[in-house]
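Enquirer: Sharing a structure here in structure tokens format.
Values quoted throughout were computed directly from the atomic coordinates according to the rules given, and no laboratory measurement underlies them. Computed from a prediction, not measured in an experiment: that's the story for all the values here. Neighbour counts are summed over all protein chains in view; Cβ atoms, including those assigned to glycine, are modelled from backbone coordinates with ideal geometry.
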Amino acid sequence: MKRTLVILLRNPLSLIGVILVALVVLSAIFADFIAPFPEHRGSVVDFVNFNKAPNATNIMGTDLVGRDLFSRIIYAFRISLVLGVVVLAIATPIGTLVGLFAGYVGGKTEFILMRLTDVFLSIPPLVLAIAMMGVLEPTLMNAMLAVTAMWWPWYARLVYNIARSEREEGYVLAAEVIGASTPHIALREILPNCLPAILTKMTLDMGFVIIIASSLSFLGLGVQPPTPDLGSMVAEGARYLPDSWWLTVFPGLAILIAVFGFNLVGDALREILGADQ
Amino acid sequence: MTPLLSLKNVSKTFGHGDHIVQAVRDVSFDVMPGECLAVVGESGSGKTTLANMILGVFGQSSGELWFDGKPLPTRRTLEHRSAIQLVQQNPLSSLNPKRSVGASVRLGLDVYGIGSPSDRWSLVEAALEEVGLPRDFRKRPPAALSGGQRQRVAIARALACQSRLVVLDEPTSALDVLVQARVLRLLNDLRAAKGLSYVFITHDLSVVRNVADRVAVFKSGQLVECAETGAIFENPREDYTRQLIGAVPVVTREEIELRNTLATEGQT
């Protein structure tokens, strides 16, 4: 605990990361209290105030139908975070189990699981997601599904490599000689030694999932209006650049803050957990 | 008396086609109950392959292993596994760094169903006490222990399984001289107290002299000489054995005295 604080305080970037992530997470959780116009997250039309530049009432301006951008960005954080958490909550266990058993059991299991992983890894992630979204209806649910499908192989790869080197450790031989079961050795002996790397990757990936999800909705394949989403807000505003700059600049900055924050925290976590040792 | 462990013409080859390596070649020997048999030889002489076959990590290519008067199958039953245990060379890697020392010792108890689940922690503590560690070490991570203490934990893990034969794969070569002497002393005491048999694999002949009843000398997978410890040192029959004995580094008189004092005074 003390070491954690020392690492955080010694490196100003880690501290900035923690502050940014806290900012994003807290505003997502308390969106209802922070947003000046909570009702603007839905399909509200206020033509009197449409497309206004930042001012005292709407600090980030209003969009093309008069909704407060600041309020919508805060609610968009909520969507992005939920998406990130759900995607990682599904992709991480799948990838971890695949990598763990492929790496420990070896032989045919390893061959089948890792070639399957390679197939997924060989398809450019965004292309795979676009293909899936082309078949499925573009909803939040399906966006999560598409991103999950392209995310788990990275965890399989990561855990596979760790498990392969841990397999050679004496404690694994000791458990095998005792006669412990394969699930016991994989889950109770090897998995704990993979956790620091997995946790670090999860934090780094929160940022990347937010970017990918934003890219999908930028292309109109992700979260659909009127639900606020950072990617679709940038896409809508892009047509009105440079005159209505606030329509793209603020959602863009919001993406930057979230991604940058999670990346910095991920780096700090790597140091704290000693995952790179 | 029936030998506890018996190897009859055991061979092991690895690889296939042109890349065949004969790691162990037509080896036969017995280990009596309560006996410590040292297996010595240079690196690559097949010592570890032999250990792995005794432990059932892999099967032999030909020949037979017998345990306590019955054939020992490659697919071991839990009884066989609990009876034959292992202490490895490197105590840094033989204990899982992410699990407590107690959890590592307890694993065998859980697998073999020794004691009721609620009693197992006290059995673990008793095993730690037996190897000279305090009971509260159970909750510590291996990183909080010294090399010698970790090796004691590894010994406790082997003993907690109610083993009868322990394969000691260079158990002291990763430890410094002082700690070595204490661990050897502990192993000797435990063997006497529990009637254990040891297969003591080592390349350090000075260690052999202190612990072994008999010595089996290996060279390129073959058993070249097997005799009482005294006979091996005083009257080696094979050239190779003579070379091995000649290769023992000369130790200072202080060091010999220190070892002898430790061994006789019973300091742990």
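Enquirer: For chain A, find the longest principal axis of its Cα atoms and tell me its angle to the long axis of helix A:140-166, 0 to 90°, nearest 10.
Expert: It works out to around 30 degrees.
Enquirer: Taking the beta-carbon count within 10 Å as an exposure proxy, list B:His16, B:His203 from fewest neighbours to most. Each step should come with its number before you reach the end.
Expert: Details: B:His16 7, B:His203 18.
Final ranking by Cβ density, sparse to dense: B:His16, B:His203.
Enquirer: Mean-square fluctuation check for chain A, GNM, Cα pairs under 10 Å: which of A:Thr117, A:Thr139, A:Thr57 is largest?
Expert: Answer for the Gaussian network model of chain A: A:Thr57.
Enquirer: Angle check, please: helix A:125-135 long axis (alpha carbons) against the longest principal axis of chain A (alpha carbons), in degrees 0 to 90, nearest 10.
Expert: Long axis of A:125-135 versus the principal axis of chain A: about 70 degrees.
Enquirer: How many partner chain Cβ atoms sit within 10 Å of a residue's Cβ in peptide A:178-184, on average, as a whole number?
Expert: 5
Enquirer: Specify the residue with the greatest mean-square fluctuation among A:Leu241, A:Leu81, A:Leu113, computed from a Gaussian network of chain A linking alpha-carbon atoms under 10 Å apart.
Expert: In this elastic network of chain A, the residue with the biggest mean-square fluctuation among A:Leu241, A:Leu81, A:Leu113 is A:Leu241.
Enquirer: Take the alpha-carbon centre of region B:186-200, take the same for region B:121-152, and report the distance between them in whole Å.
Expert: Using only Cα atoms, the two centres lie 19 Å from each other.
Enquirer: Among DSSP bridges having both ends in chain B, what percentage is antiparallel? Round to the nearest 5. Please report the intermediate quantities before stating the final value.
Expert: On the way: 20 of 38 bridges.
Beta bridges within chain B, antiparallel portion: roughly 55 percent.
Enquirer: Moving on. Based on DSSP loop calls and a cut-off of at most 14 other Cβ atoms within 10 Å, the longest stretch of chain B free of exposed GluC sites (Glu not before Pro) is what?
Expert: Here the longest segment lacking exposed loop sites spans B:43-237.
Enquirer: What residue among B:Lys12, B:Lys139, B:Lys47 has the largest mean-square fluctuation in a Gaussian network model of chain B, using Cα springs under 10 Å?
Expert: Of B:Lys12, B:Lys139, B:Lys47, the Gaussian network model singles out B:Lys139 as fluctuating most.
Enquirer: Considering the options B:Gln60, B:Pro73, B:Gly113, tell which one lies farthest towards the positive end of the dipole of region B:49-114, charges being +1 on Lys and Arg and -1 on Asp and Glu at the Cβ, about the Cα centre.
Expert: B:Gly113
Enquirer: Sticking with this structure for a sec: Need one value for A:166-176: mean number of C-beta atoms belonging to other chains within 10 Å of its residues' C-beta atoms.
Expert: Taking the mean over all residues of the peptide, I get 6.
Enquirer: Report ³J(HN,Hα) in whole Hz for each residue of region A:20-25, in order, from the Karplus equation J = 6.51 cos²θ - 1.76 cosθ + 1.60 where θ = phi - 60°; Gly and Pro get x.
Expert: 4, 5, 4, 4, 5, 5
Enquirer: Taking amide H atoms as placed 1.01 Å from N in the peptide plane, list the residues 5 or more away in sequence, or in a different chain, whose amide H sits under 5 Å from that of A:Met60.
Expert: A:Asn55, A:Leu69, A:Phe70
Enquirer: So how far, in whole Å, is the C-alpha centre of region A:100-143 from the one of region B:51-117?
Expert: Cα centres, region A:100-143 to region B:51-117: 38 Å.
Enquirer: Once the Cβ-Cβ distance between A:Val119 and A:Ser181 is put in as r, and R0 is 45 Å, what FRET efficiency do you end up with, to the nearest 0.05?
Expert: 0.90
Enquirer: Sort A:Asp243, B:Asp213, A:Asp63 so that the residue with the fewest other Cβ atoms within 10 Å of its own Cβ comes first and the one with the most comes last.
Expert: Working: A:Asp243 9, B:Asp213 18, A:Asp63 26.
Final ranking by Cβ density, sparse to dense: A:Asp243, B:Asp213, A:Asp63.
Enquirer: Which one of A:Tyr104, A:Ala146, A:Asn193 has its Cα pushed farthest toward the positive end of the charge dipole of region A:80-273, where Lys and Arg give +1 and Asp and Glu give -1 at the Cβ?
Expert: Toward the positive end, the furthest listed residue is A:Tyr104.
Enquirer: Output the antiparallel fraction of DSSP beta bridges having both residues in the protein assembly as shown, as a percent to the nearest 5.
Expert: Expressed as a percentage, antiparallel bridges in the protein assembly as shown total about 55.
Enquirer: A further question follows. Within 10 Å of each Cβ of B:84-96, how many other protein chain Cβ atoms are there on average?
Expert: 4
Enquirer: Next question. Between A:Ala238 and A:Leu26, take the C-beta separation as r, use R0 = 41 Å, and let me know the FRET efficiency to the nearest 0.05.
Expert: 0.90
Enquirer: Oh, and also: For B:Ser43 and B:Asp176, what does the FRET efficiency come to when R0 = 25 Å and r is the distance between their Cβ atoms, rounded to the nearest 0.05?
Expert: 0.75
Enquirer: By how many nm would the segment from B:Ala192 to B:Ser28 lengthen if fully extended, with 0.36 nm per residue of separation less the alpha-carbon distance?
Expert: Roughly 56.5 nm would be gained on extension.
Enquirer: May I ask for the angle, rounded to the nearest 10°, between helix A:191-218 and the longest principal axis of chain A, with both axes built from Cα atoms and the value confined to 0 to 90°?
Expert: Computed tilt is about 30 degrees.
Enquirer: Also, I was wondering about something else. Sorting A:Val159, B:Val207 on the 10 Å Cβ count, fewest up front, what's the list?
Expert: B:Val207, A:Val159
Enquirer: Right, something else. What list of ³J(HN,Hα) couplings, whole Hz, do you get for region B:212-229 from phi and the Karplus terms 6.51, -1.76, 1.60, once you set θ to phi - 60° and write x for glycine and proline?
Expert: My calculation for region B:212-229 gives 8, 7, 9, 10, 10, 9, 10, 9, 5, x, 10, 7, 8, 7, 9, 7, 4, 4 Hz in order.
Enquirer: Along the charge dipole of the protein assembly as shown, pointing to its positive end and built from +1/-1 on Cβ of Lys, Arg, Asp and Glu, which listed residue (A:Ile272, A:Ile130, A:Val249) has its Cα farthest out?
Expert: So the residue we want is A:Ile272.
Enquirer: Figure the gain on full extension for A:Gln224 and A:Ser165 (residue separation times 0.36 nm, minus the Cα-Cα span) and round it to one decimal in nm.
Expert: 16.8 nm
Enquirer: Working out 0.36 nm times the residue gap between B:Phe233 and B:Ser146, then minus their Cα-Cα distance, what length gain in nm do you get to one decimal?
Expert: Stretched out fully, the B:Phe233 to B:Ser146 stretch lengthens by 28.0 nm.
Enquirer: Now for a different question. So what's the gap between the Cα centers of region B:1-25 and region A:198-277, to the nearest angstrom?
Expert: Comparing the Cα centres of region B:1-25 and region A:198-277, I get a distance of 60 Å.
Enquirer: Can you give me the long-range amide H partners of B:Val39? Hydrogens built in the peptide plane at 1.01 Å from N, cutoff under 5 Å, separation of 5 or more residues or another chain.
Expert: Counting only residues 5 or more places away or on other chains, the set is B:Phe200, B:Ile201, B:Thr202, B:Ala216.
Enquirer: Sticking with this structure for a sec: Karplus couplings for region B:140-153 from phi (6.51 cos²θ - 1.76 cosθ + 1.60, θ = phi - 60°), rounded to Hz, Gly and Pro as x?
Expert: Rounded to whole hertz, the list is 7, x, x, 5, 8, 10, 7, x, x, 5, 5, 5, 4, 4.
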